[in-house]
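Q: Below is the structure I would like to discuss, written out as structure tokens.
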């Protein structure tokens, strides 16, 4: 990945766009949630996941509210906060607060219980929670959290999770590389997909062009049969990119 601008232009061959407004939606007063893929009471057989990605939920949790203690097994769960703060507690004894710019990874493995709560009395929290299928079942449960300053993500794709924890990224138990990028208007990043690899781009904020295809806030896109990805911002934007087997 780089910010080179001398690559040849590429035309979309197989990009499956998931528009923000087409996602599943539920509003529970304390929780406003959008589901890219089937989740909970939202079921759509055409959108059950993408490669190892099983859940991409965009949540807004009201002040003083949250998800009570509940259990998971055999799932890699990653969380990223856009605005506000999220307090995490789990059966491993972890207690922490996640802020914007911090990335959380929890491996449910053989079983873990956790809660996620908005500790603010006045401000909502806006977050993404993402589930990936693990590369094997029965892993020991574990938790990691790390801050990735904006300077490391500005104008570049910063690796935040990978199967070998390279470049200071969090360890994820799946053949997936997860990147974050913050882009100024007219800024571009490029990413090369190796043969047989796939990608998912999630627009967290802003408006971008993916290989010339316009995507706006909360849009997603699955990408196959492309070798080079161009992500160009039309306004200040933030994106998350998954490079998947």
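Q: Can you tell which of 80, 179, 42 shows the greatest fluctuation in a Gaussian network model of the chain with Cα springs below 10 Å?
A: 42
Q: For segment 14-244, what does the relative contact order come out to in percent, with C-alpha contacts under 8 Å and a separation of six or more?
A: 18
Q: Quick check: pseudo-label points 7 Å beyond the Cα along Cα→Cβ at residue 91 and residue 235, how many nm apart are they?
A: Roughly 4.5 nm, to one decimal.
Q: On to the next question. For the chain, set up a GNM with springs between Cα atoms under 10 Å and report which of 189, 208, 160 has the largest fluctuation.
A: Highest fluctuation among the options: 189.
Q: So what's the chain giving for Rg/Rh, alpha carbon basis, Kirkwood Rh from the mean inverse pair distance?
A: With Rg and the Kirkwood Rh in hand, the quotient comes to 0.95.
Q: Could you state the number of Å between the C-alpha centres of segment 202-245 and segment 168-185?
A: After rounding, the separation between the Cα centres reads 14 Å.
Q: Separate question: Using the C-alpha gyration tensor of segment 93-236, what are the square roots of 5 times its eigenvalues, in whole angstrom, with the largest one first?
A: Rounded to whole Å, the semi-axes are 27, 21, 13.
Q: Have a look at 28, 126, 72 and tell me which one the Gaussian network model of the chain (Cα, springs below 10 Å) gives the largest fluctuation.
A: Greatest mean-square fluctuation among the candidates belongs to 28.
Q: What does the helix-only formula give at 222 nm for the chain: each DSSP H stretch with n ≥ 4 adding -39500 (n - 2.57), the total divided by the residues, and the result rounded to the nearest 500 deg cm²/dmol?
A: Result for the chain, helices only: 0 deg cm²/dmol.
Every number in this text was worked out from the coordinates using simple rules, so none of it is lab data. Just so it is clear, the structure is predicted and the values come from calculations on it, not from any experiment. Every residue, glycine among them, receives a Cβ derived from its backbone with ideal geometry; neighbour counts consider all protein chains shown.
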